[in-house]
Structure formats: structure tokens, C-alpha cells
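Engineer: Here you go, one structure.
The values are calculated or read from the model by the stated rules, or taken from the named source; none is laboratory data. Only a predicted model underlies this, so the values are computations on that prediction, with no experimental measurement involved. Cβ: placed from backbone, ideal geometry, glycine included. Neighbour counts: every protein chain shown. The area values use the complete protein model at the heavy-atom level, side chains included, leaving out ligands, DNA and RNA. Shrake-Rupley method; radii C 1.70, N 1.55, O 1.52, S 1.80 Å.
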Protein chains: 2
Amino acid sequence: MENEETKTVPKSWAMVGGDGPRSYAQNSSYQRGLLDVANELMNEGIKDKLDFKIPCSDSSNICTFRIADFGCSVGPNTFFAVEKIIEAVEQKYQACQFQNSPPLEFQVFFNDVTANDFNTLFKTLPSYRKYFAAGVPGTFYGRLFPKSTLHLAYSSYSLHWLSKVPQEVVDTKSPAWNKGSIQCSGTAKEVAKAYSAQFKTDMDNFLNARAQEIIGGGLMVIIIAGLPDGILVSQTVAGIFNDFFGSCLVDMAKLVSIVFNFSRDINGLQKANTGIIVIVKLAGWHQLGTTCPLPLGHLATCLAPLSFAWMLAYK
Amino acid sequence: MENEETKTVPKSWAMVGGDGPRSYAQNSSYQRGLLDVANELMNEGIKDKLDFKIPCSDSSNICTFRIADFGCSVGPNTFFAVEKIIEAVEQKYQACQFQNSPPLEFQVFFNDVTANDFNTLFKTLPSYRKYFAAGVPGTFYGRLFPKSTLHLAYSSYSLHWLSKVPQEVVDTKSPAWNKGSIQCSGTAKEVAKAYSAQFKTDMDNFLNARAQEIIGGGLMVIIIAGLPDGILVSQTVAGIFNDFFGSCLVDMAKLVSIVFNFSRDINGLQKANTGIIVIVKLAGWHQLGTTCPLPLGHLATCLAPLSFAWMLAYK
């Protein structure tokens, strides 16, 4: 089931597995904080837009509701997110008070690249979960599920990881050469253009794949880092951090393994997909001072990247 | 979604992971041979019994065919099996020549205990497979999938691994104490009775769980080791091997981690499940001399355990 897009992905990198001091599991409280903030948006979207005729459309009186987390890493954040989603779906279901309601069963698919530590993910699954769990290996820039089989897709802080480094930025002869920097600071226009083009290609592949997999009437939630117009990465906390420690990180990563983009082009992509997707919710917030889920008080004069949460409804 | 049965499973053991010299991946040619022999049975069952109205029953003109391998370990055998199943299903589908046939998409679930090496399983998935892959961690003696969502269940050389050692056989004060032996040789009636009771409980849990998960009209293939009436384990290749090396294995396994039963009681279980399951095919064969998929010529005077292949159709 590989397609052209997935074949072009040269290699995939995963978060650090296991549960040691350097693992993603022990270093993802920032992403956990974002989930808390996005939770309200998810609840509203599920309450307003979810149609229970979808999972229960057949005549067998059986309802299976399928959720997928794209770019789940190894938890525990993905487990919190799934729990919140299921709570919201169950509340809506109970509020509907269907006559002779069939029992609702949940199947949850945890997706990440093949190199992800699925062994740890599986071993740390909550013991008394309310769902049937499955792991799905592979890049989310290609198809991962049969057509029209998912009811709710979720992706949090994953889509800034591009499928590959744009060739131009590591080509010393190209005008887009990034001079060995690990980030797209925004100051060099050709570099920004190369990253932007890659992001557009990747997001288009992501949205097209999900458009086939999500059942008509289904929902998708995307939480992603972004920047408002006029703000450069180099003015953000992450940008300043990278300026300080960039050369060390380059040595550690051997230059080409950092593939990261703060998106500013997502609205353009939405226009290209209006035949399939309608955006029903869009929220953005600064992470500054007391509103920030991280203890960033000592950097309060710096802008953290904006975080956006999207709720998309599928026709 | 845990039930009473799964909660009583004290611990699960998996095959040796990775692809090293002691791994299951490098030491499963015997099981590979069984698949070749069982293939004809599978083809016949799929050809005769499979109804394509099942995966394509909705009005959306989309067909998803779901396959699950229960006790898949880490391959490559599970990949061969899935390939054979898909070939047979596709042949049947093409032979039917439906008008305006919707494209058939396959979703394959690889199940084994949580301790299984899913990382290796995922990394060795065939690159150009014809299906969407997922891993499902957990004991197959409990529910693993939502109701009525599987079309074909498969389990090869897995169901002889019981969920636990019967307590009596390791209790020195019990008449069923097995005197430290790692096998149920069949000579001590109380020991055989204890193993038989555990097997009945486990198989009942397995069949009941699958009966809920497999869609009406679906199929299940079971390949399992067994013994004909009158033959003792101690007369088989495995029995002789265990007699020779049993004490060493006990030391290696620290006594209690060998949970293995050559089944002879499966017919009784079928009777208890006639409301749900109809056996449409049952085949057994000796693995002797030239008919044996292993080079057992030097042990040709010994009976290997019988291997049975079952095809079950769900009402």
C-alpha cells in the first residue's frame, strides 16, 4: 500500500524510546500542557459536529468508533489525549439518548514512524483502558488505513517534522544553502522558500491521505506549532535556543537529521483542499508568562512559537 | 476492555525477539513448513465459504477485508501466511466477477502478547505489501477487537501455549504434582487432567472472544499440534527431546515458564460452541519421513506430534 510519497521518504527518525531520563516519555510535559489547552476545542467540536449515525450506520446494531493518533510517539501524552477524546465522545453519545442504543466500542490506532518504540508504547498502555488498542507503523505522509474507516483523527505536535530536509538547504552551491544551520530562521528568503515548499508538499500528502481514510462526517484535530505574520523564528524561544546551541546540535545530529518547520503556510493548504475538508474551528495562543504550560518566566520577554489547534470536519 | 480471563493471566512470555541466531525469526522453519501443508485447506475454505457480501455490505461502495493473526510472533512466517490468505481471497474475489466491483482493501492485524518484539515485527514488514498493517498487543485468551469487525482469523502453532501453568502441577503436595517436569507426558493421569482442564478453559476463552470479534459469515483457520488417541507425548519426537534435555530446560526456564500442551481435547470444546461455530474442515497429518517438513529422517521411528489444521465458519 505504499505510494509515491512514501517511497520518497529517505529515512524516518523517531523520538527517543524507552522510559529513561532522555526518553520522550520523560521529556514531553510541554506537549502535555498543549493538550490541556486544546481540550476545550476538541470537546466543542465533538459536541457540535459529531454524528452518531456514522459509526452505527449498519443494520447490525453494533457501533465501533475508530480513533487514530498520528505521530503518537511512546506516551503518556497520547494516552491522555485518547482518554479525553473518548470522554467527549461518550458524553455526546449519552446526551443523544438514542432509543435502543447499541453499546459503543472504541478502537484506537497509535501511529508513528516504523522506528518508533512501539514495544514501550504497548507495555505502558493503561491497564484498564476503555478501548481496543493497535499500533500502526509508517509515515503519516502516506496512506496508513483503508478507505473511510476512521471517525476521529488526531495529531499533536507532529506535523512540524517534515518528511525530509529540502535538498537545497544542504547544498553549498544552492542560493538556498542554510550555511549548516539546523533551523529556518526566516531571515534568508531562499531558505524559507525551500522549507515552505517542503511543508506544502508534506501537508498536502497528509491531508490527501486522511481525506481518504476518514469517514464522511468524521473529524480531525491538529495541534501544531506556528508563527504569526511578521514574527521570525529567530525571535522565539526556540530560535534563541537554537542560535545558542545550534552548532552543538549539528554535531550531535550530523547536520541532516533535523527536519523541522514552524508552519505559517497552513491556510494556503486548506484552500487547496476545500473540496474535501471544512475547517470548523481554529484557535491559536501565545505561550507567555502565566498562560504558558511551561515554566518560561525567565524567558517571558521572548515569544514562544504560537501553537494552533485545528478541528476539521470531513464531508 | 480487559475481562476476567485476561486479568487472571499472571505474566506473558513471548518468543525470542530480534533477528539474532537464537531468535524466533531465525528458528521457525518448522512452523513455516506447516503453513505450506495447511495452505491447500485454507484455499479450499476461502473458495467454498467466503461471502463477499460481508466486507462490502454497506452502501458506500468500499470494501475493507480485515485479517488477524493471533500469536504472530515476529515473522517471517506470519507474513507468508498473510500473503497466502490475501492471494486466496483475491482469487475468489476475481472469480466472482461482481458488476462494478469496488476495490478490495486489506487491513491486517498482527497480534501477540505485549512482551512480543513488535519493533522487529514492524521493521521487517514486507516493503511492497498489499495491505495496511497494524500490531495488536495482548493475550488472545481475551477480547482484542471490537465486535464483528474481523473477516478472517488465523492462528498457527500458538494455541498450545496455555495462559498459565496449572497450579496443581507445581504444587508438591498435590496429587497432580509433575515432579519438576516441563511437560505433560501423559503417563500421570492427574497431571494430564490438570493440563487438560487448563486447555479447556483457555480454548473456551479464545473461541468465545473470537466469536464476538469475527463477523457473521467470517472464517477462522487454526493450525495446532495434537495427538491421536492412544499416543503419549513421551512417544513423540518432542517428548523424547524433553526427556533428554528436560532438566537443562528446567534450569533455563526456572521451572514455571514452560506452559505447553499438546491438545487432544479440541473436539469437546467444539461441541460446547455449536451455537456459534461450525467446523467445515478438519485435517490432520503425521510428520514422518518424507512427508515431514523438517529433516527428521534420523528420528523417523518416532512419531512427531500430529498437526491439525482447522477451518471454522462463523454463523
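Engineer: Does segment B:172-182 contain any residue that is in contact with a strand residue (DSSP E or B) (Cβ under 9 Å, 6 or more places away or on another chain), touching a residue at least 12 places away in the same chain (Cβ under 8 Å) and either within 14 Å of another protein chain (Cβ to nearest Cβ) or buried (at least 17 other Cβ atoms within 10 Å of the Cβ) (or both)?
Structural biologist: yes
Engineer: Would you tally the residues in segment B:113-126 being open to solvent by 20 Å² or more (accessible area, probe 1.4 Å) and more than 7 Å from chain A (Cβ to nearest Cβ)?
Structural biologist: Matching residues across segment B:113-126 total 5.
Engineer: When the residues of segment B:13-40 are narrowed to those that are crowded, with 19+ Cβ neighbours inside 10 Å, at pLDDT 70 or above and not small (Gly, Ala, Ser), which ends up nearest to B:Val113 (Cα to Cα)?
Structural biologist: The qualifying residue nearest to B:Val113 (Cα to Cα) is B:Met15.
Engineer: From the set of residues in segment A:106-136 that are part of a strand (DSSP E or B) and of a type in the set (Phe, Trp, Tyr), which is farthest from B:Asp112 (Cα to Cα)?
Structural biologist: A:Phe106
Engineer: Given the structure, is B:Phe110 facing another protein chain (nearest Cβ under 7 Å) and open to solvent by less than 20 Å² (accessible area, probe 1.4 Å)?
Structural biologist: Spelling it out, it is not the case that B:Phe110 is facing another protein chain (nearest Cβ under 7 Å) and open to solvent by less than 20 Å² (accessible area, probe 1.4 Å).
Engineer: Oh, and also: Of the residues that sit in segment A:51-85 and are basic (Lys, Arg) and not in a strand (DSSP E or B), which one is modelled with the lowest pLDDT?
Structural biologist: Once the filter is applied, the top-ranked residue is A:Lys53.
Engineer: A further question follows. Which residue is nearest to the other protein chains (Cβ to nearest Cβ), if the candidates are limited to segment A:137-164 and must be in a strand (DSSP E or B) and in contact with a Gly (Cβ under 8 Å, 6 or more places away or on another chain)?
Structural biologist: A:Pro137
Engineer: Of all residues in segment B:134-144, how many are open to solvent by less than 10 Å² (accessible area, probe 1.4 Å) and closer than 12 Å to B:Asp69 by Cα?
Structural biologist: Residues in segment B:134-144 being open to solvent by less than 10 Å² (accessible area, probe 1.4 Å) and closer than 12 Å to B:Asp69 by Cα: 4 in total.
Engineer: Would you please name the residue that is surrounded by the fewest Cβ atoms within 10 Å (Cβ to Cβ), looking only at residues in segment A:71-91 that are hydrophobic (A, V, I, L, M, F, W, C) and within 15 Å of A:Leu121 (Cα to Cα)?
Structural biologist: Among those that are hydrophobic (A, V, I, L, M, F, W, C) and within 15 Å of A:Leu121 (Cα to Cα), it is A:Phe80.
Engineer: Now for a separate question. Counting only residues that are among the hydrophobic types (A, V, I, L, M, F, W, C) and buried (at least 24 other Cβ atoms within 10 Å of the Cβ), how many does segment B:207-219 have?
Structural biologist: Total satisfying the criteria: 2.
Engineer: Among the residues of segment B:95-105, is any surrounded by 21 or more Cβ atoms within 10 Å (Cβ to Cβ) and either facing another protein chain (nearest Cβ under 8 Å) or not in a loop (DSSP other than H, G, I, E, B) (or both)?
Structural biologist: yes
Engineer: If you don't mind, there's one more thing I want to ask. If I go through segment A:145-168 residue by residue, how many of them are farther than 22 Å from A:Ala211 by Cβ and either small (Gly, Ala, Ser) or surrounded by 22 or more Cβ atoms within 10 Å (Cβ to Cβ) (or both)?
Structural biologist: Residues in segment A:145-168 being farther than 22 Å from A:Ala211 by Cβ and either small (Gly, Ala, Ser) or surrounded by 22 or more Cβ atoms within 10 Å (Cβ to Cβ) (or both): 1 in total.
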